[in-house]
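A short worksheet on the structure shown next.
The values are calculated or read from the model by the stated rules, or taken from the named source; none is laboratory data. This one's a predicted model, so the numbers in the text were calculated from it and none came from an experiment. Using ideal geometry, Cβ is built from the backbone for each residue, glycine included, and neighbour counts are taken over all protein chains shown.
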Amino acid sequence: MSDLCIKILECCAADKGVLRIDRIGAGVGIILFNSSLKKAAGLHTLAPHSASEQPKNPVMYANTAIPYALAELKKRGGSPPYSVAIAGGAALLGAGNGAGTGLKVVEAVKAALTKAGLTIKLDQTGGSLLRSMILDIDRGKISIT
């Protein structure tokens with residue numbers, strides 16, 4: 001079984017094996033998965049909004065990352081409906097400076113998913129812990145730890 005590990009500011013699509021996003025903190029990990037087609041994309045975004053419609057790295061910003069991931073899935077034969085899971089938005093610095101950054105990214109991700117007509121099925125955001133997301137494409141199971 002192949003294991004695809006997605007890094008920060010990266011988006012990858014797969015159709016078999018395990019897709020993993022580790023060390024999700026203030027940013028947000030997102031998995032889009034069509035279980036009947038066995039098509040999935042995982043991405044790890046860090047900022048809420050880009051001022052540009054075509055930033056150098058579209059995965060950096062929630063408002064450009066979601067359309068980018070959907071386009072990558074479409075190139076590989078993916079189509080809705082997608083199961084959507086998100087994790088992250090942690091306040092790793094405590095209640096002081098930077099505590100709201102993660103929540104802003106979460107809000108922007110949720111807005112971008114809504115704009116794309118997608119509904120979140122699994123949401124583990126907020127808090128103060130690092131998280132990992134794992135999608136076993138072959139079994140159709142998403143888990144967040």
For this session: Could you look through region 19-56, keep only residues that are modelled with pLDDT of 95 or more and of a type in the set (D, E, K, R), and pick out the one that is nearest to GLU72 (Cα to Cα)?
Result: LYS39
Problem set entry | Index of the failed condition, ASN63 passing every other in (1) touching a residue at least 60 places away in the same chain (Cβ under 8 Å); (2) over 15 Å from ILE142 (Cα atoms); (3) surrounded by fewer than 24 Cβ atoms within 10 Å (Cβ to Cβ); (4) among the polar types (S, T, N, Q) | (1)
For this session: Go over the candidates LYS7, LYS104, LYS16 one by one and state the one that is closer than 17 Å to ILE134 by Cβ, surrounded by fewer than 22 Cβ atoms within 10 Å (Cβ to Cβ), modelled with pLDDT of 95 or more and within 16 Å of the chain's Cα centre (by Cα).
Result: LYS7
For this session: Quick one: SER2 ticks every box in (1) surrounded by fewer than 22 Cβ atoms within 10 Å (Cβ to Cβ); (2) touching an Asp or Glu at 6+ places or on another chain (Cβ under 8 Å); (3) of a type outside the set (Lys, Arg) except a single one, so which number is it?
Result: (2)
Seminar exercise, completed: The lone condition ALA90 fails out of (1) more than 25 Å from VAL18 (Cβ to Cβ); (2) crowded, with 23+ Cβ neighbours inside 10 Å is (1)
Exercise. What single numbered condition from (1) within 22 Å of SER143 (Cβ to Cβ); (2) touching a Ser or Thr at 6+ places or on another chain (Cβ under 6 Å); (3) of a type in the set (A, V, I, L, M, F, W, C) fails to hold for ALA85?
Worked result: (2)
For this session: Starting from residues that are of a type outside the set (A, V, I, L, M, F, W, C) and surrounded by fewer than 24 Cβ atoms within 10 Å (Cβ to Cβ), keep the ones in region 27-42 and report whichever is farthest from LYS104 (Cα to Cα).
Result: SER36
Seminar exercise, completed: Taking first residues from region 117-145 that are within 16 Å of GLY42 (Cα to Cα) and free of Cβ contacts under 8 Å to residues at least 60 places away in the same chain and second residues anywhere that are in a strand (DSSP E or B) and among the charged types (D, E, K, R), the pairs with Cβ under 7 Å that are 6 or more apart or on different chains are GLN124/ARG131; ILE144/ARG131; THR145/ARG131
Problem set entry | Subset of region 1-60 [among the hydrophobic types (A, V, I, L, M, F, W, C) and part of a loop (DSSP other than H, G, I, E, B)] | MET1, ILE8, LEU9, ALA26, LEU37, LEU46, ALA51
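Each row is one residue, and each column tells you yes or no for (1) within 17 Å of ILE6 (Cβ to Cβ); (2) in contact with a helix residue (DSSP H, G or I) (Cβ under 9 Å, 6 or more places away or on another chain).
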site	(1), (2)
SER35	no, no
SER50	no, yes
LYS56	no, no
TYR61	yes, yes
ALA65	yes, yes
For this session: Please find, within region 127-137, the residue that is nearest to GLY100 (Cα to Cα) out of those that are modelled with pLDDT of 95 or more and over 14 Å from the mean Cα position of the chain (by Cα).
Result: LEU130
Problem set entry | Check on LEU92, within 13 Å of GLY27 (Cβ to Cβ) and part of a loop (DSSP other than H, G, I, E, B) | yes
Problem set entry | Evaluation of VAL84 against (1) β-branched (Val, Ile, Thr); (2) assigned to a helix (DSSP H, G or I); (3) within 20 Å of ASP123 (Cβ to Cβ) (one fails), failing number | (2)
